[in-house]
Amino acid sequence: MASLATWVGSLALGVSLLSGTASAADLAIALGSIGRDVDEMRGQLDAFQKATGHTVRIVTMPASTTDQFGQYRLWLSAGNKDVDVYRTDVIWAPQLAANLVDLTDAMKDVVGQHLPAVIQSQTVDGKLVAMPLFGDAPALYYRKDLLEKYGREIPETWKELTETAKLIQDGERQAGNAQLNGFVFQGAAYEGLTCDALEWVASNGGGQIVSPEGEITINNPKAAEALDLAKSWVGTIAPQGVLGYMEEESRGVWQTGNAVFMRNWPYAYPLSQSDDSPVKGKFDAVPLPAGDSGKSAACLGGWNLAISQFSENKDAAIELVKFLTSAESQKSRALGTARLPTIPALYDDPEIKEKQPLVAKWKEVFENATPRPSAPTKAKYNEVSQQFWTAANKTLAGQGTAAANLEDLERQLRRLKRNAW
Ligand code: GLC
């Protein structure tokens, strides 16, 4: 029975019968829980189990990428054998590389299908440490009905967003809609705020915190101006609570109909369009606004699959990673959850175009997204990001001006860098 299942699975996966996947393995995959990701993964794992005879258990992690990273780093440095496959954030490759399996050989027939830049981002010193599961690049979600009611255009700059959000929030509150907020985003002190704040700064011409060449650039007037504007939102167009919001808290406010605008990733689109969603049919999504002295910048996100060097089932884990990152799986993931394919050909798929309009129009935004400085700062990225999100969160909370906090941040980053990253 097991060998028949293995045979069927090998055919389904295009894996050679000679590849030596003789006996069924019990695998475990660790992944964070945002939106429908865990459900969607379970569905794909069931198909994999059926095709191969391997069983796969999900180790569900907290929603925050920062919390996941801390746990994975501990497990990997302790040689944990209980997790075979990790779902890894696009920024982690250089920091976890030492404990991950080199997939270069195993994936040589399939890497060519994916966007070269994504494969590049998961390659550390010539070693491919993770395969792309999906890409990510955020959108500005807006309420079509409210913009129409107040005769406002979709904002193209953050200042326009500020004005429109205020106008509609004031109007609606006066009309008795006390819960309505102008804008929700991710303001909690974690990696998500690094993404949001990088977008404010980069879209205002304030750079990428650390340049691709490794130079610390964050302490500049355009960056300060962008953070000051964001600070002005807290307690006016954004609730005070935004200082503790991650993705799902923002979506909670938005999806119950209590926000005019939301910054979030594409996964929120089909959820907001679901039958029981109060905002169904009332919204759309466009690229994020630009600063006054820059152009729209979307933080490059995305998730990958990596195999632990401590896994005792590496062959089966490789089969699993191939299966989950294949064109078929990426298509089904895009259709089910609007997670962006990293295989460019899928953006022309008629079914995706019809059923997930945001995915179909997001190829360019994704391909032009602004990376966080994880490549230049290498193993120190997490600390760099932590210093940045702390400075941003303090500024939003009114603890020090943007200029003073950025000056302090520059000092911290110089200390971290010393002579080289
Ligand atoms: C999304 C992105 C990821 C990013 C995270 C921040 O999940 O895909 O790259 O780090 O948001 O919260």
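We did not get these values from a lab; they are worked out from the coordinates using the rules stated. Predicted, not measured: the structure shown is a model, and the values here were computed from it. Positions of Cβ are generated from backbone atoms using ideal geometry, with glycine treated the same way; all protein chains shown enter the neighbour counts.
Pairs exceeding 20 Å between alpha-carbon atoms, taken from Lys331/Lys361; Lys295/Lys361; Lys127/Lys314; Lys231/Lys394; Lys159/Lys222; Lys166/Lys363: Lys166/Lys363. To the nearest ten degrees, helix 402-417 and the longest principal axis of the Cα atoms of the chain are 30 degrees apart. Shown in residue order for segment 202-211 are the 3J(HN,Hα) couplings computed by the Karplus curve 6.51 cos²θ - 1.76 cosθ + 1.60 at θ = phi - 60°: 4, 6, 9, x, x, x, 10, 6, 10, 6 Hz (x for Gly and Pro).
Of Tyr141, Leu31, Pro62, which is farthest on the positive side of the dipole of the chain, counting Cα position, with +1 on Lys and Arg Cβ, -1 on Asp and Glu Cβ, and the Cα centre as origin? The residue sitting most towards the positive pole is Pro62.
Helix 327-337 and the longest principal axis of the Cα set of the chain meet at an angle near 40°. Proximity of backbone amide H atoms, modeled 1.01 Å from N, is registered between Val59 and Ile29, Ala30, Leu31 at under 5 Å, excluding neighbours fewer than 5 places apart on the same chain. Each label point was placed 7 Å from the Cα along the Cα-to-Cβ direction; for Lys282 and Arg418 their separation is 5.6 nm. Using alpha carbons only, how many degrees (0 to 90, rounded to 10) separate the axis of helix 221-233 from the longest principal axis of the chain? Tilt of helix 221-233: around 80 degrees. The P(r) of the chain has a tail past 27 Å containing 52 percent of all C-alpha pairs.
Applying 1/(1 + (r/R0)^6) with r as the Cβ-Cβ distance of Asp125 and Asp292 and R0 = 35 angstrom yields a FRET efficiency of 0.30. When +1 charges are put on Lys and Arg Cβ atoms and -1 charges on Asp and Glu Cβ atoms, the dipole computed for the chain relative to its Cα centre reaches about 420 debye.
Applying 1/(1 + (r/R0)^6) with r as the Cβ-Cβ distance of Asp348 and Lys144 and R0 = 30 angstrom yields a FRET efficiency of 0.65.
Of the beta bridges in the chain, as assigned by DSSP with both residues counted there, near 60 percent are antiparallel. If you take every residue apart from Glu148 with its C-beta less than 14 Å away from the C-beta of Glu148, what net charge results, scoring Lys and Arg +1 and Asp and Glu -1? Around Glu148, the surrounding residues sum to +1. Within the shell defined by Cβ-Cβ distances under 13 Å, the residues around Ser308 carry a net charge of 0, with Lys and Arg each +1 and Asp and Glu each -1. Compared with the direct C-alpha span, the chain from Thr236 to Gln174 gains 20.9 nm at full extension, assuming 0.36 nm per residue. Full extension of the segment from Lys81 to Ala98, taken as 0.36 nm per residue of separation minus the current Cα-Cα distance, would add 4.6 nm. Using the Cβ of Tyr245 as centre and a radius below 11 Å, the other residues enclosed give a net charge of -2, where K and R count +1 and D and E count -1. Going 7 Å from the Cα of Ala117 in the Cα-to-Cβ direction, what parts of segment 138-172 have a backbone nitrogen less than 15 Å from that spot? Under 15 Å, as judged by backbone N against the label point of Ala117, lie 138 of segment 138-172. Close amide H pairs (under 5 Å, H built 1.01 Å from N) link Cys299 with Thr370, residues at least 5 positions away or on another chain.
Computed from point charges on the beta carbon alone (+1 for Lys and Arg, -1 for Asp and Glu), the dipole magnitude for segment 23-149 about its Cα centre is near 180 Debye.
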